[in-house]
Structures are given as C-alpha cells and as structure tokens.
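Visitor: Handing you a structure now.
The values are calculated or read from the model by the stated rules, or taken from the named source; none is laboratory data. Quick caveat: nothing in here was measured; it's all calculated off a predicted structure. Don't worry about glycine lacking a Cβ; one is built from the backbone with ideal geometry, like all the others, and counts go over all protein chains shown. We work out accessible area using only protein heavy atoms, side chains counted, and drop any ligands, DNA or RNA first. Shrake-Rupley method; radii C 1.70, N 1.55, O 1.52, S 1.80 Å.
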Amino acid sequence: FYPMGQSIANLVNSHAGNGITMVPIVTAGSVQNPNLIATGEVEIAITNNNLAVLAVNGKGPYSAAGPIDIGAVAALHPSVLHMMVLASSDIQTFEDLRGKRVAVGPAGGGTLGLLNFLMPLHEMTMDDITPSFVSYADGFSQLTDGTVDASIALSGYPAGAVMQATAGAELRFISFSEGMMDKAIAANKAYSAFELGADVYGTTEAGTLIGVNNMLIAPNSLDAATVEAVTRAIFDNLEEFRAENANARQIDPAMTPKLAIPLHAGAQAYFDSK
C-alpha cells in the first residue's frame, strides 16, 4: 500500500491545486486504516472493499469503535489471495490445508481476515492449521525452506515476496474445490474471482484466485471540494499514475461507482461530471 500511497500523493501534490497537499505515512495496513480515520489520525486512507463494509457497519474489527462514517473515493488495484505451495506439494485444494503448517501473514492483517471468512465456508477453523504469523516476505521464505507447507498472502500482483520466492523454487497455486469460489463470492459480494496467468510468476498453470478491490476512503466530514480535487488528480492523470506504479495499471475507473459502500460526496461530484 505504501508505494501506492506515495504515487497518489505525488499526483495530488502535482495536480490537485487549491493548496491541497498529501503526505503518505506508514501504518499497519488495511485493517487499521479505517480506525485511523475514525480517530482523526489520518484524513484519507487505503483499505479494501470488504473491510470498508465492516467499518461503515461497525462490525468485525470495528465493533469496538462502532460505525465509521466514511465514503469511497476511488477503486484502486485488486488484492488477490495468493495461496501457494511448492510444486511438489501434495496440497491441491483449500481443504488440504487441514493439519498443515501455514504462513498466514501478520496478525491483524487483511490476509487473516479473508482466511477467517473462508474457513467456515469449508467447515474449518484456524485450529485446523498450524499458523505462522509473519510478514509476506518471511512467509514465502519459510515456504521455500520447508518451515511451512503453504504460504498465503492477500496482496496486489505481482507480489514482491512471491517473485523473490519463485526465483529459487517452483511454486503452484492452491485451488478451490468445485463450486467453492462461487459459494464464497455469493456469501460476500465484496469479493470477486481473478485470473492470474502462468506468466505472472512463472507457474506451470494459471490460477483462479479470490480477491478484493483496494480502495481509497475518506471521512464523509472531509470537505467535498477537497475530495473532488483528489479524485480528479488521480483519474485525470491515470497515464502518469500507471507510468510510476505498476499496480496502477490494474485500476479501472469504472469500478469506483460499483464499490460496496457509497461514494463520498466529492467523489460523486467528480464522477457526475464525467
């Protein structure tokens, strides 16, 4: 998220005008960011579609804070759930993770949130695996050195941790059993299926991965003219954005009005003007 935030800040500082400036800061990521808006520590943030829904409803990790009054500003690149094993592994489907050692990303991260959503759909719980709560880089390093049997990471693609791992080992995607992807998407409309070609990581086969759109959010109390200027700086300069940030090439402006929470008034004004 940080490189994405840096690129957005560059666009805003160059093109928003009216004295609007943006400074990116390092946070714990998608789960924490709506809470930082709620406490006023940040004025705009990146999270993902499913977490934004929980935030506006005061559910899940936001139940203590209660509903957070945020609006959608922009759909960004998707994050997809990389579920990967060594090519020689006997793990083929999600259910095969039962009894295995699995790197699941850092505690409190978005990967764990999606995993906790998928587990009950497969009649499993986190007790059915031995989790390793580590960074994506460490998780995929553990996979290649045999410390874990599988590594899972909710990330944009290509993910640096996976690229580094595939430089020294042949990896393969874990699949969903027949019908399970459809079941997951039906259970939560914030998720979608994404096809990753074999060329992305040099795998022998393509992968069908569950994923979610990342998104820019802002408190609805933030001045609409400011948010409109930020939205315009992003979408009127997409080619510049894409030249600076590879993940920006996956941004589709048409996805923003389809996000799972209502648009901020400023973002709505921008899209109405188009």
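Visitor: Among what's in region 230-274 and is farther than 26 Å from Lys189 by Cβ, open to solvent by less than 40 Å² (accessible area, probe 1.4 Å) and not hydrophobic (A, V, I, L, M, F, W, C), pick the residue that is modelled with the lowest pLDDT.
Guide: Asn245
Visitor: Same structure again: Taking only pairs six or more apart or across chains, which ones have beta-carbon atoms under 6 Å, a first residue in region 263-274 that is at negative phi, and a second residue that is surrounded by fewer than 16 Cβ atoms within 10 Å (Cβ to Cβ) and part of a helix (DSSP H, G or I)?
Guide: Within 6 Å, the pairs are Phe271/Pro257.
Visitor: While we're on this one: Quick check: anything in region 6-15 part of a loop (DSSP other than H, G, I, E, B), out of contact with any His (no Cβ under 7 Å at 6 or more places or on another chain) and under 27 Å from Pro67 (Cβ atoms)?
Guide: For region 6-15, residues part of a loop (DSSP other than H, G, I, E, B), out of contact with any His (no Cβ under 7 Å at 6 or more places or on another chain) and under 27 Å from Pro67 (Cβ atoms): absent.
Visitor: Does Ala167 satisfy being closer than 20 Å to Gly207 by Cα and open to solvent by 60 Å² or more (accessible area, probe 1.4 Å)?
Guide: Taking the combined requirement at face value, the residue satisfies it.
Visitor: Okay, moving on. Against the definition (in contact (Cβ under 8 Å) with a residue 24 or more places away in the chain, among the charged types (D, E, K, R) and not in a strand (DSSP E or B)), how does Glu205 come out, yes or no?
Guide: So Glu205 passes the test.
Visitor: Given (1) open to solvent by less than 30 Å² (accessible area, probe 1.4 Å); (2) touching a Ser or Thr at 6+ places or on another chain (Cβ under 8 Å), identify the lone condition not met by Val227.
Guide: Unmet condition: (2).
Visitor: If you go through region 124-154 one residue at a time, how many are in contact with a helix residue (DSSP H, G or I) (Cβ under 6 Å, 6 or more places away or on another chain) and open to solvent by 30 Å² or more (accessible area, probe 1.4 Å)?
Guide: Summing the residues that are in contact with a helix residue (DSSP H, G or I) (Cβ under 6 Å, 6 or more places away or on another chain) and open to solvent by 30 Å² or more (accessible area, probe 1.4 Å) in region 124-154 gives 4.
Visitor: Another question about this same structure. Consider only pairs whose beta carbons are under 9 Å apart and that are at least six residues apart or on different chains; among these, list those whose first residue lies in region 12-25 and is free of Cβ contacts under 8 Å to residues at least 40 places away in the same chain and over 14 Å from Leu216 (Cβ atoms) and whose second residue is among the hydrophobic types (A, V, I, L, M, F, W, C) and open to solvent by 80 Å² or more (accessible area, probe 1.4 Å).
Guide: Asn13/Val23
Visitor: Right, something else. Would you confirm whether any residue within region 78-96 is under 20 Å from Tyr2 (Cα atoms) and among the small types (Gly, Ala, Ser)?
Guide: Looking through region 78-96, at least one residue is under 20 Å from Tyr2 (Cα atoms) and among the small types (Gly, Ala, Ser).
Visitor: What tally of residues in region 156-202 results from selecting those that are among the hydroxyl-bearing types (Ser, Thr, Tyr), closer than 27 Å to Asn245 by Cβ and at pLDDT 95 or above?
Guide: Total meeting the criteria: 2.
Visitor: Report yes if Ser30 is crowded, with 16+ Cβ neighbours inside 10 Å, part of a loop (DSSP other than H, G, I, E, B) and over 17 Å from the mean Cα position of the chain (by Cα), otherwise no.
Guide: It is false that Ser30 is crowded, with 16+ Cβ neighbours inside 10 Å, part of a loop (DSSP other than H, G, I, E, B) and over 17 Å from the mean Cα position of the chain (by Cα).
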